[in-house]
Every structure is written in structure tokens, then in C-alpha cells.
1. Given contacts defined as C-alpha pairs under 8 Å and at least six residues apart, what's the relative contact order of region A:1-84, whole-number percent?
2. Defining a contact as two alpha carbons under 8 Å apart and six or more residues distant in sequence, what relative contact order in percent does chain B show?
3. Cα gyration tensor of region A:30-154, axes a ≥ b ≥ c as square roots of the eigenvalues: rounded (a/c below 1.5), prolate (a/b > b/c) or oblate?
4. Between region B:173-198 and region B:45-97, what is the C-alpha centre distance in whole Å?
5. In region A:1-104, what percent of the accessible surface is made up of carbon and sulfur (1.4 Å probe, ligands and nucleic acids excluded)?
6. List, by residue number, every residue in region A:46-71 with a reduction of 30 Å² or greater in accessible area between the chain on its own and the complete protein assembly, 1.4 Å probe.
7. Out of B:Ala169, B:Ser331, B:Leu69, whose Cα points farthest toward the positive end of the dipole of the protein assembly as shown (charges: +1 Lys, Arg; -1 Asp, Glu; placed on Cβ)?
8. Rounded to the nearest 10 Å², what accessible area does B:Lys313 have for a 1.4 Å probe in the complete protein model?
Amino acid sequence: MKQKEKEIRILMLGLDNAGKTTILKKFNGEDINTISPTLGFNIKTLEHRGFKLNMWDVGGQKSLRSYWRNYFECTDGLIWVVDSADKRRLKDCKAELHILLQEERLSGATLLVFANKRDLPGACNIEELRDILDLDEIKSHHWHIIWCSAVTGENLLQGIDWLISDIATRIFTLD
Amino acid sequence: MQEKCDRKIEMLTKRDLERKLDLQKEQEIRNLTNADNEKIDYFESVFNEKRQFIADAIDEAHNIDIDKLGVHFNNISRDILILQKYLAASNIFLRGYDIKIYQQVLQNLTNQARDLEDKLLPKKKFGFKNKKSQKIDIGNGINGNRKKTIDEVDSCAPTKLDAFEDLNAVSDRSDTNLVLSNSQIFKKDILLSKLNNCKIKLFGSPSTLHMNYLKDCYIFCGPVSTSIFVESCENCTFVIACQQLRLHSSKNINIYLHVTSRAIMEDSSNIFIAPYNLEYENIQEDFKKSGLDGCSNNWTAIDDFNWLKLDKKSPNWNVLDEAKRIEKWSSFF
């Protein structure tokens with residue numbers, strides 16, 4: 001974080017179809033009905049609670065995952081978006097997440113797990129996801145899991161606020 | 001003479017005033033430092049007390065049952081986090097050097113706790129396991145025959161049995177014709193999986209549709225309000241409408257498509273696209289309920305993740321010849 005400008009860099013990752021772009025656009029108050037699968041990445045800079053958030057949303061297709069590492073540098077916060085209704089791929093989801101957390105360039109980053117699509121019937125709840133994704137094994141990062149619905153916008157603010165406050169606490173003590 | 005005297009007095013008064021002001025300023029500064037010192041002293045005692053508490057907890061770990069150790073270490077890391085927050089909140093009045101020292105103390109505690117945890121609680125190895133699992137078919141009695149299946153070694157194996165409890169799925173079937181009405185699928189997340197030579201008609205508006213491991217199938221579906229996700233399908237025909245289409249690792253597929261944003265494909269080939277032409281009773285009503293725009297169809301807007309050249313179209317997909325298109329599906333119903 002560049003402290004003078006209170007700038008925070010947030011990287012949003014997750015499997016394809018998790019809802020990353022929808023979260024970004026909904027949070028920014030944009031129309032979400034025309035979103036296409038992300039070919040490459042989106043970047044948005046928003047002002048929130050006195051911070052300047054640089055949000056990077058990188059496509060989650062298998063063929064794009066090897067490019068994720070190009071975005072790791074200087075990341076203060078990592079948002080991992082999970083489609084809680086896509087139970088078939090939760091194992092993939094867990095594998096990708098744990099590979100990511102071993103990455104040295106992300107070692108300082110705070111992790112927020114968004115359990116998206118909570119409004120769909122049959123979606124996993126937080127406890128199930130925590131278990132399936134083995135979140136309690138994570139000791140290397142400050143982490144937090146919260147459910148949300150990108151379509152309705154529920155809990156997006158709460159999640160981002162937690163992320164920002166954790167990053168702010170961490171960075172200011174290091175100064 | 002009088003004038004000289006006056007000037008002298010004036011000068012003296014002025015000096016006296018300055019002296020008093022200086023004194024006052026000094027006093028203020030002293031008070032401020034005292035307050036700061038008090039704050040610093042207080043912080044130091046609280047911090048040390050907490051630090052000792054955490055250090056004791058770490059020592060205590062040796063005498064704790066292994067099944068309670070996980071919780072114990074979680075408490076320790078939580079306490080360290082709280083202490084770190086306290087330090088962060090106090091950094092306004094602490095000296096830079098002290099902050100560094102305190103930060104070091106916290107780092108040492110974290111390292112100690114982690115090292116000890118690694119020693120006492122060997123980490124669960126993370127890896128892919130080939131689990132045997134029994135699939136439960138639920139969802140309005142869609143699936144009658146319950147089979148025990150051993151999943152192949154692939155990344156799509158279900159992780160948890162209970163994770164499938166309330167999924168609406170049609171799976172592990174051959175040579176089946178099936179019609180589902182809107183009341184069975186409306187706003188639901190529908191999964192079609194491991195089907196051979198089946199004809200499935202979803203006459204309604206689900207929230208999302210997942211299709212994987214389909215072979216020689218015909219799938220008809222009303223407007224899907226969000227996305228359709230296709231993986232590992234072969235020799236199929238899909239007549240589908242959605243906001244987004246994501247097609248992965250599939251080949252020889254004809255898609256009669258209505259897509260309001262865009263479609264993408266990855267690791268797929270021999271894909272032929274035609275415009276959506278499904279008709280059934282109440283389809284217009286289903287479009288309304290789904291929120292999908294029936295008028296905007298970008299069926300030729302397909303991005304191939306394995307073909308990044310902009311000037312040339314991907315060879316992996318093509319528009320289906322009009323002569324080869326099926327115009328009416330009624331013979332299939």
C-alpha cells in the first residue's frame with residue numbers, strides 16, 4: 001500500500017463462472033445484466049472509506065490461470081470468489097486456492113473468501129465451505145469467509161470493509 | 001531623562017512578558033511529554049502482560065491433548081492478532097523505534113507458535129484423493145435409480161457426500177427421454193451429468209444449467225437466467241438460451257444458441273452454432289420470468305480462449321450451414 005495516498009491494491013481471483021466481474025460491477029454500481037465471461041482482466045479504481053482501491057479482476061478460465069501470477073506483485077488484499085452452488089468443482093477450487101497461498105509474492109496479502117451465489121437453492125453454507133476448502137489450515141495469511149450474493153449485492157460491503165480494515169491495521173503497524 | 005527611563009521600563013516589561021511566555025510554553029511541553037510517557041508506560045505494561053500470556057499459552061501447548069491442540073493454536077493466533085491490532089491503534093503516540101521492537105516481539109511469537117504447531121500437529125497433507133462416494137440423486141424424484149458409483153480420477157469428483165444433498169441433478173443415465181416442467185426447475189441450479197444417448201427437455205427457466213460428461217445427447221432448455229456451463233461433452237446437440245455460455249473441453253457439438261452477453265469456449269473443437277429456435281407452450285412467459293432479453297441474441301459472438309488472433313476467426317467453431325439446421329424440433333418431442 002502506498003500510504004500517502006492510502007491506496008490499496010486488491011486482486012480478485014477464483015474459478016471461472018464464480019462471479020468475480022459481477023461482484024466488481026455490482027460494488028461499483030454498474031449494470032450486471034450484460035457481463036460477458038472475462039477475456040483477460042478488468043481493472044477498476046474506486047474511492048471507498050477514504051481509501052483508493054485498485055481492484056483487479058482476472059478471468060478464471062483454465063487457460064488464463066497460468067497468467068494469474070502476472071498480477072501478484074504489490075497485492076495488499078486477495079479476494080477469492082467461490083461459486084457456493086457449484087459443488088462439483090469445489091475440489092478444483094480448493095486446489096487452486098491453496099496453490100495460490102504458497103505464492104511468495106502474495107505472502108503479505110490479506111485473504112477474503114466470498115462465498116458467492118448464496119441465494120441459489122442448494123448452495124453450500126459457510127461452515128461447509130470452510131471445511132471443504134480447508135480454510136482452517138491457512139496460517140500464513142489473515143483470512144475471513146463471508147457469504148454474499150453479487151446479483152443482489154448483499155454482504156459485498158461488509159466483506160470489502162473487513163478486508164480494508166485488516167489491511168489498514170497491518171500496514172500502519174509496519175510503518 | 002524621563003524618556004530614557006520610560007523606554008527602559010517598557011523594555012523590562014516586554015522582557016518579563018517574553019520570559020513568562022517561554023516558561024508557560026516549556027511547562028506545556030513538559031505536560032505533553034508526561035502524558036505521552038504515561039500512555040507509553042501504560043501501553044508497555046499492557047503489551048508485556050499480553051505477551052507473557054501468549055508466551056505461557058505457547059509453553060502450555062506441550063501439555064495439551066492432541067485433539068484439543070488445533071483449537072489451542074487457533075486461540076493463540078487470535079490473541080496475537082488482537083495484540084497486533086492494539087499495537088496498530090497505539091502507533092500514534094509510540095516512538096518509531098519502539099514500534100519496530102514491539103513488531104519484532106509479535107513476529108517472534110508468531111514464529112514460535114507456528115514452529116511448535118508444525119512440530120506437535122503435523123499438517124494434513126493436501127492432495128488429490130480418489131474417494132469412493134455414493135451419489136445421492138435428489139430433486140423432485142428426477143432420478144429413480146440410485147447407483148453406487150466410483151468416481152474416476154478426475155478433478156470433478158465430488159468432495160463431500162452431503163454436498164450433493166439438495167442439488168437438482170439428472171445423472172448416470174442412458175437412452176432416456178425426460179421432460180421437466182417449469183415448476184420443477186424454475187430458479188434452480190440444474191445439473192445434467194454422465195448421460196448417454198438421452199433426450200432431455202427442460203421446459204422452463206432455471207437459474208443456471210451445468211452439463212458435463214454428456215455423449216450423444218439432445219438437450220433442450222428454456223431461457224436460463226444466468227449462465228450455462230458445459231464441460232467434457234461429445235457428439236451432442238444443445239438448444240439453449242442464457243445470459244452467458246461457457247463451453248469447456250468438448251467436441252462435435254451443435255448449439256442452437258440464444259445468448260444475451262457472450263459465449264466463450266476453451267479446449268473445444270468442432271463446434272457449430274445456429275440461432276436458437278426452440279418452441280414450446282409458454283416459452284415467451286418463461287423469457288419474461290427469467291429476465292432474459294428475448295430480442296438481443298449475440299449467437300455469433302464467441303470468444304475462443306485457445307485462439308487469440310484478432311484478425312482471423314478461430315477454426316474451432318463455425319456457423320452451422322443453414323441447409324444442415326433443424327428447423328422444427330417437434331419431431332423430437
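The values are calculated or read from the model by the stated rules, or taken from the named source; none is laboratory data. Small disclaimer: the values here were computed from a predicted structure and weren't measured. For neighbour counting, all protein chains shown are included, and Cβ atoms are generated from backbone atoms with ideal geometry for every residue, glycine included. Heads up: the accessible areas ignore ligands, DNA and RNA and are worked out on the full protein's heavy atoms, side chains in. Shrake-Rupley method; radii C 1.70, N 1.55, O 1.52, S 1.80 Å.
1. 46
2. 8
3. On the way: a/c = 1.32, a/b = 1.05, b/c = 1.25.
Rounded, since a/c falls under 1.5.
4. That distance is 54 Å.
5. So the carbon and sulfur contribution to the accessible surface is 45 percent.
6. A:Gln61, A:Lys62, A:Ser63
7. My answer, from the dipole projection, is B:Ser331.
8. We get 100 Å² for B:Lys313.
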